[in-house]
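> Have a look at this one before I ask anything.
Coordinate-derived values only; no laboratory data. Being a predicted model, the structure only gives us computed values, none of them experimental. Positions of Cβ are generated from backbone atoms using ideal geometry, with glycine treated the same way; all protein chains shown enter the neighbour counts.
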Amino acid sequence: MTSSTSVREKPLDPEEPGLPEEPAAHEDPFDKDDLPTPPGATPALLRSLLSPLRGRVVLAAVLLLLQQAAVQAGPLLVAYAIDSGVPAVRADDHGPLIAVAVGYLLCAASSGALQYAFIVASARVSQDVLLDLRGRIFRHAQALSVDFHERYTSGRLISRSTTDVESLRELLDEGLQELITVLLSFVYISAMLLWLDLGLGAVAVASFVPLYLLVRLYQRRAGALFRERSTAIAAVIVKFAETMNGIRPVRAFRRERANDARFAELNQRHERTNGDAMLEMARYVVGSRLVANIAVAGIVLWGAQRVADGGLALGVLAAAVLYLRRLYDPIDRLGMFLNSYQSAAASLEKIAGLLAQVPAVPEPDPSAARALPAPESEHPGREVRFDGVRFAYRTGGEVLPRFDLTLPAGQTVAVVGSTGAGKSTLAKLLARFYDPTEGRVLLDGVDLRELAGAELRRGVVMVTQEAFLFSGTVAENIAIGRPDATREDVERAAKAIGAHDFIASLPDGYDTDVRKRGGRISAGQRQLVAFARALLADPAVLILDEATSSLDIPGERAVQRAMHTVLRGRTAVVIAHRLSTVEIADRVLVMEHGRIVEDGSPGDLIAGDGSFASLHRAWRDSVVS
Ligand SMILES: Nc1ncnc2c1ncn2[C@@H]1O[C@H](COP(=O)(O)OP(=O)(O)OP(=O)(O)O)[C@@H](O)[C@H]1O
Ligand SMILES: [Mg+2]
């Protein structure tokens, strides 16, 4: 092989296999480029999640209100027992005391029953909300364009649908009930105390002011920490997912140490924010207890004085102290509920940001969507036209300067050119992974943007180098493009492409699970499966982007022979660095720096003196020598 040739047999450039990229130490991508959540998106999301469950939300709220009423009747009954029951017993009348005892038991029993009903009702609400939310995240993320997924790593998506949904679950299942209970008891108890004794009630209500200020202070400080913590845990997950996805280059380039250091740093950052949040919480707990105890002490002192003076019934004082204990007891836990409330709010905001993303390659309105015209011949091929197309990725400069190109139906076009020339970009525009920045891509005269998704996927199929296999059997993997295909169809496609022999030799043949025995399926075999998948989908336009790069020479030759059958009548775009592939083409396009610099039949181009002719000579020499 001559080293001067630019024909590449395999990627040799060490930069190419896609080393997991290290963010520079000074900039942390997770801090700023998380999707900004548009104002109003979070409450709107919450509303849309809860409004279908409105009935059950109301039911749960009513149950909780009744349950609280039953619970808070307790101290009132105690006051009645002390102030009326005891004097009556002294007068030999046991009636009132018995009534109090029965009433107390009834309240306890009904509060238990109501609590049970509330938990059942609210658990249903929370299950439905979480179910709905997870489904929405998955569907939405799947519908977003390739462009989005290139920016938003899969790790962050995973953290949205795991950690973030989980923190919502914590709030809905545990925190929210407690939070509402505490807030409700504030209202109940204030009303009760004010009614029992205006003075004592006023002192209790006054104590809410410093408590409220404490809560606000805590919320402000902890809120920032919780947002930071959720960003930090997302960074940990992203690093984890990225490293494990790229485990091969990690091994190959001995990145383990550097990765360990970076991971430890991210992990520690998460721990640190967690620790800071706990510290805030400890301050809050101490502060709120102090306020509560001062209030109780004040009320006992002043109340006892008044009881001694005869200005206050003993039972009322007892009830007031009981109420306040009930109120202040959960107050240090209020911090915890606020915790879960805050992290859930932070999570919901992130999820709302994700769900507010609009696909850059939107599906057309169902009413405006157009179908492809009926085919003119029995051949599946259709005409492709790039009409005044210009393209730039979201980041970076223009990749394809304005051009026009027509591929007649049924033509097999080979696209060659050096690395980075824009071949894959051209293919991705045709497969509508992206829309052109300017101009139109037309399939039999219909703008791809007007084609409904299903119609487009039947029209254009692209096979790339990656040849991804999903978990499931080999047969299922082949049938992805046509789920209704029979086993015969699957086998016919595999045979046509030359994949049948290797599949038949797998332990369970076509029923072999590719994940369980994934190691046994080589890169070349994966490509064969991907080919069979594309053939079975029977598209009008087939794009092969270096789809044979992992095959050995005999394997590629076999695929090339099969190509004659596979591509017959279809419009095909074949991108290949190995020029042997070009031999099956009717037409060759040579691309340089985003421009088509040569266009003609292989024979003409080889006979000419352009860059393709010299490429071809170099390649032939390398094959011969
Ligand atoms: N997602 C992307 N975002 C920004 N720029 C991109 C993106 N993908 C490709 N590019 C840039 O567009 C140019 C053309 O890339 P393209 O993948 O089309 O080249 P190619 O001809 O297929 O190369 P190769 O032979 O290596 O596959 C390159 O300069 C590349 O850096
Ligand atoms: Mg490419």
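> Compute the FRET efficiency between Ala113 and Arg390 as 1/(1 + (r/R0)^6), taking r as their Cβ-Cβ distance and R0 = 60 Å, and round to the nearest 0.05.
0.30
> For region 39-355, state the average projected area of the convex hull of the C-alpha atoms over all orientations, rounded to one decimal in nm². Intermediate values should be presented prior to the final figure.
On the way: hull surface 81.2 nm².
The number I arrive at for region 39-355 is 20.3 nm².
> Follow-up. Give, in nm to one decimal, the length gained when the segment between Arg151 and Asp276 is fully stretched (0.36 nm per residue of separation minus the Cα-Cα distance). Walk me through the numbers before you get to the answer.
On the way: separation 125, 0.36 × 125 = 45.00 nm, distance 3.06 nm.
Full-extension gain reported as 41.9 nm.
> Near the amide H of Ala547, under 5 Å away, which other amide H atoms are found, from residues 5 or more places off or on another chain, if H is placed in the peptide plane?
Ile575
> Taking θ = phi - 60°, what integer Hz values does the Karplus form 6.51 cos²θ - 1.76 cosθ + 1.60 yield along region 338-344, in sequence order, with x for Gly and Pro?
Along region 338-344, the couplings run 5, 3, 5, 5, 5, 5, 5 Hz.
> Still on this structure: Given H placed 1.01 Å from N in the peptide plane, which residues other than close sequence neighbours of Gly417 have an amide H under 5 Å from its amide H?
HN-HN under 5 Å from Gly417: Met591.
> Can you pull the one-decimal nm distance between simple spin-label points at Asp508 and Arg216, each 7 Å off the Cα toward Cβ?
Label at Asp508, label at Arg216, 6.4 nm between them.
> Further, regarding this structure: Taking the Cα centroid of region 418-495 and of region 302-363, what is the distance between the two, rounded to the nearest whole Å?
54
> Sticking with this structure for a sec: At 7 Å along the Cα-to-beta-carbon direction for both Tyr104 and Asp609, put a label point, then send me their distance in nm to one decimal.
11.2
> Then there is this: Per-residue ellipticity at 222 nm for the chain, helices alone: DSSP H runs ≥ 4 residues times -39500 (n - 2.57), over residue total, nearest 500 deg cm²/dmol? It would help to have the intermediate numbers written out before the result.
Details: 23 runs with 368 residues, N = 625.
Calculated at 222 nm, the ellipticity per residue is -19500 deg cm²/dmol.
> Considering only Ser418, Ala499, Gly397, whose Cα is most displaced toward the positive end of the charge dipole of region 384-624, charges sitting on Cβ of Lys, Arg (+1) and Asp, Glu (-1)?
Ala499
> Scattering from the C-alpha atoms of the chain alone, worked out with Debye: what is log10 I(q)/I(0) at q = 0.07, 0.10, 0.11, 0.12 1/Å?
The Debye formula, applied to the Cα set alone, gives -0.64, -1.00, -1.14, -1.29.
> May I ask you to list the residues of region 240-271 whose amide nitrogen lies under 11 Å from a point 7 Å from Cα along the Cα→beta-carbon direction of Thr162?
240-242
> Okay, moving on. Could you give the size of the charge dipole of the chain about its Cα centre, using +1 on the Cβ of each K and R and -1 on the Cβ of each D and E, expressed in debye and rounded to the nearest 20? Present the calculation step by step, with values, prior to reporting the outcome.
Working: 68 positive and 74 negative charges, 171 e Å.
Result for the chain is approximately 820 debye, rounded to the nearest 20.
> For a quick check of your reading of the filter: which GluC sites (Glu not before Pro) in region 344-419 sit in a DSSP loop and have no more than 13 other Cβ atoms within 10 Å?
On the way: sites: Glu349, Glu376, Glu378, Glu383, Glu398; in loops: Glu376, Glu378, Glu383.
Here the sparse-neighbourhood loop sites are Glu376, Glu378.
> Between Arg617 and Glu488, 0.36 nm times their residue separation minus their Cα-Cα distance comes to what?
Numbers: separation 129, 0.36 × 129 = 46.44 nm, distance 4.33 nm.
Contour length minus the Cα-Cα distance gives 42.1 nm.
> On to the next question. What is the calculated FRET efficiency for Arg333 to Ala258, with r their C-beta to C-beta distance and R₀ = 56 Å, to the nearest 0.05? Please report the intermediate quantities before stating the final value.
On the way: r = 43 Å, r/R0 = 0.77.
Using R0 = 56 Å, I get an efficiency of 0.85.
> Related question: Multiplying the sequence separation of Val187 and Val62 by 0.36 nm and subtracting their Cα-Cα distance, what value in nm do you get? Please list the in-between numbers first.
Values: separation 125, 0.36 × 125 = 45.00 nm, distance 1.52 nm.
Full extension from Val187 to Val62 adds 43.5 nm.
> When only Cα pairs under 8 Å and 6 or more residues apart are kept, what is the percent relative contact order across region 39-355? Show your work: numbers first, answer last.
Details: 302 pairs, mean separation 97.4, N = 317.
Relative contact order here is 31 percent.
> Residue by residue through region 436-446, what is 3J(HN,Hα) from phi via Karplus (6.51 cos²θ - 1.76 cosθ + 1.60, θ = phi - 60°)? Round to whole Hz and write x for glycine and proline.
x, 5, 8, x, 9, 10, 10, 10, 6, x, 9
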